[in-house]
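Have a look at the structure below, then the notes.
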Amino acid sequence: MKGVTILGATGSIGMSTLDVIARHPGRYRVVALTAHRQVERLYTQCLRHMPDYAVMGDEDAAGQLAARLSDAGACTRVLSGMDGLKVVAALDEVDYVMAAIVGAAGLQPTLAAARAGKRILLANKEALVMSGRLFMDEIKAHGAQLLPIDSEHNAIFQCMPADFQRGLGEVGVQRILLTASGGPFRTTPMDALEQVTPEQAIAHPNWRMGRKISVDSATMMNKGLEVIEACWLFNARPEQIQVVVHPQSVIHSMVEYADGTVLAQLGNPDMRTPIAHALAWPERIAAGVHSLDLFDVAHLDFEVPDPVRFPCLRLAGEAMAAGGTASTVLNAANEVAVQAFLDGQLRFTGIHCLIEGVLDALPVHVADSLDTVLEADASARRVAHQQLMKLAG
Ligand code: NAD
Ligand code: MG
């Protein structure tokens, strides 16, 4: 039995992970579940999966959860805050850690899992984007294993030769073809983008996901973050990665080899496939996913991404090229901008302006320690809020 901690258990990825695990009761044991403030959902999950630990990021919520669980006679121990998250990511009885907290809040618990040498199933791309080299160094130094959950990166991993860490050129890989759906506004008239609402932005055509990543998909910042994520995961340079808009989301990404071969991974757009892949790797287990009906799909289309429609893709490329803390700043500014858009304080077309303003305002530092990364994250959030007030005022 493999012991599993799910960071962000109440989210879209967390719930899909529990769905896959419940299909294989003899194989995985849930050791810990965590959430931010969703007491009711974590309570139900605890009664169903009987973890040893539950963590709420929020202190008050932890108190409420502990009282509910004690009334129900459950013996789950409740911890709270960042310390609690770090503890359950590093427990001896845990083999696998699903990193599915959204945003920068997931960085420290995920690093704790790396330092404890766990198998990390990485959904929380923001953690890797904001700390890049530092994150990869911790994985290597502590013999941890990093398996991508992001559907594209999981697809790339499946199409790569086993020894890809030697360097893409060394193993005959020419290019990574990173697919993107193009989101809900791929064909929306440009002059209508200014007026789009959060409800329209989170209505993704192919995937049901949390609100933040859904807005990122609409701006294509998600793909920008994914280019950075792929550079770190696969030891690739940005120019070795081509973003390909593929509206059907059936091909989840491709790898092109020196001999002209292109390997693709296909499947229905259902995150339980990459989750089951990473849980069982190198074996294969059932994920509860419908089999792919190619006659129903019928067409696979491909387009070049439109740089005018999706300026966030350019901003992410520039941040990666600048190196150091630039990606940390990009990520933090994006988190503030997306939240402001969801709260009705910023127009959809203001998202990229705010991010660019913050990137322009802050110097780039060498990202050589966790403190430097956390400081860059905090400065970017501060400047983003200042610029937001000016925009609103
Ligand atoms: P979600 O919003 O549905 O869930 C987020 C989870 O994180 C929840 O359990 C929430 O309680 C927890 N959380 C949020 N803020 C927290 C905080 N400050 N402290 C502690 N916990 C906190 O998000 P999601 O769609 O499941 O996405 C999770 C991560 O996976 C993101 O990084 C996203 O980019 C990535 N991802 C998601 C999908 C998808 O299909 N949903 C696909 C690829 C990658
Ligand atoms: Mg993805």
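The values are calculated or read from the model by the stated rules, or taken from the named source; none is laboratory data. As the structure is a computational prediction, the values presented were derived from the model and not from experiment. Counting neighbours? That spans all protein chains shown, and the Cβs are built from the backbone with ideal geometry, glycine included. These accessible areas exclude ligands, DNA and RNA; they are computed on the full protein's heavy atoms, side chains included. Shrake-Rupley method; radii C 1.70, N 1.55, O 1.52, S 1.80 Å.
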Q: Could you identify the single residue in THR5, THR17 that is open to solvent by less than 10 Å² (accessible area, probe 1.4 Å), within 22 Å of GLU93 (Cβ to Cβ) and within 16 Å of ligand 2 (Cβ to nearest atom)?
A: THR17
(Q) Of the conditions (1) under 16 Å from GLN240 (Cβ atoms); (2) under 17 Å from the mean Cα position of the chain (by Cα), MET160 satisfies every one except a single condition; which number is it? (A) (2)
Q.
Here is a check on your reading of the model: is GLY73 at pLDDT 95 or above and open to solvent by 10 Å² or more (accessible area, probe 1.4 Å)?
A. yes
Q: For region 111-150, enumerate the residues that are in contact (Cβ under 8 Å) with a residue 24 or more places away in the chain, more than 14 Å from ligand 1 (Cβ to nearest atom) and basic (Lys, Arg).
A: ARG115, LYS118, ARG119, ARG133
Q) If you check LYS86, LYS125, LYS140, LYS118, which single one turns out to be charged (D, E, K, R), open to solvent by less than 20 Å² (accessible area, probe 1.4 Å) and either modelled with pLDDT under 95 or over 28 Å from THR179 (Cβ atoms) (or both)? A) LYS118
Q. Which residue pairs have Cβ atoms closer than 9 Å, lie 6 or more positions apart in sequence or on different chains, and pair a first residue in region 345-362 that is farther than 16 Å from GLY224 by Cβ and basic (Lys, Arg) with a second residue that is modelled with pLDDT of 95 or more and open to solvent by less than 40 Å² (accessible area, probe 1.4 Å)?
A. ARG347/LEU193; ARG347/VAL196; ARG347/PHE341
Q) Taking only pairs six or more apart or across chains, which ones have beta-carbon atoms under 9 Å, a first residue in region 75-99 that is at positive phi, and a second residue that is part of a helix (DSSP H, G or I)? A) GLY81/GLU59; GLY81/ALA62
Q. Counting only residues that are modelled with pLDDT of 95 or more and among the basic types (Lys, Arg), which one in region 172-217 is least open to solvent (accessible area, probe 1.4 Å)?
A. LYS212
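Report yes if GLY26 is in a helix (DSSP H, G or I), without any contact (Cβ under 8 Å) to a residue 40 or more places away in the chain and open to solvent by 30 Å² or more (accessible area, probe 1.4 Å), otherwise no.
Numbers: in a helix (DSSP H, G or I): no; without any contact (Cβ under 8 Å) to a residue 40 or more places away in the chain: yes; open to solvent by 30 Å² or more (accessible area, probe 1.4 Å): yes.
Here the answer is no, as GLY26 does not meet what is asked.
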**Q.** Test result for ALA321, at pLDDT 95 or above, within 30 Å of ALA378 (Cβ to Cβ) and in a loop (DSSP other than H, G, I, E, B)
**A.** no
Q: Please go through region 221-264 and pick out each residue that is on the phi > 0 side of the Ramachandran plot, small (Gly, Ala, Ser) and in contact with a helix residue (DSSP H, G or I) (Cβ under 7 Å, 6 or more places away or on another chain).
A: SER253
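Determine if region 319-331 includes at least one residue that is surrounded by fewer than 21 Cβ atoms within 10 Å (Cβ to Cβ) and not hydrophobic (A, V, I, L, M, F, W, C).
Within region 319-331, one or more residues are surrounded by fewer than 21 Cβ atoms within 10 Å (Cβ to Cβ) and not hydrophobic (A, V, I, L, M, F, W, C).
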Q | Leading residue by the ranking (farthest from ligand 1 (Cβ to nearest atom)) among those in region 1-23 that are assigned to a loop (DSSP other than H, G, I, E, B) and touching a residue at least 40 places away in the same chain (Cβ under 8 Å) | A | ARG23
Q: State whether one or more residues within region 295-311 are closer than 17 Å to LEU225 by Cβ, touching a residue at least 24 places away in the same chain (Cβ under 8 Å), in contact with a Gly (Cβ under 7 Å, 6 or more places away or on another chain) and in a helix (DSSP H, G or I).
A: no
Q | When residues of region 151-171 are limited to those that are among the polar types (S, T, N, Q) and within 16 Å of ligand 1 (Cβ to nearest atom), the one surrounded by the most Cβ atoms within 10 Å (Cβ to Cβ) | A | ASN154
(Q) Of the conditions (1) without any contact (Cβ under 8 Å) to a residue 12 or more places away in the chain; (2) touching a Ser or Thr at 6+ places or on another chain (Cβ under 7 Å); (3) basic (Lys, Arg), ARG272 satisfies every one except a single condition; which number is it? (A) (1)
Q: Name, by its number, the condition in (1) open to solvent by less than 30 Å² (accessible area, probe 1.4 Å); (2) touching a Gly at 6+ places or on another chain (Cβ under 7 Å) that does not hold for GLU226.
A: (2)
Q. Can ALA61 be described as open to solvent by less than 40 Å² (accessible area, probe 1.4 Å), within 16 Å of ligand 1 (Cβ to nearest atom) and either modelled with pLDDT of 95 or more or in a helix (DSSP H, G or I) (or both)?
A. yes
Q. Of all residues in region 91-115, which are open to solvent by 10 Å² or more (accessible area, probe 1.4 Å) and more than 20 Å from the chain's Cα centre (by Cα)?
A. LEU91, ASP92, GLU93, ASP95
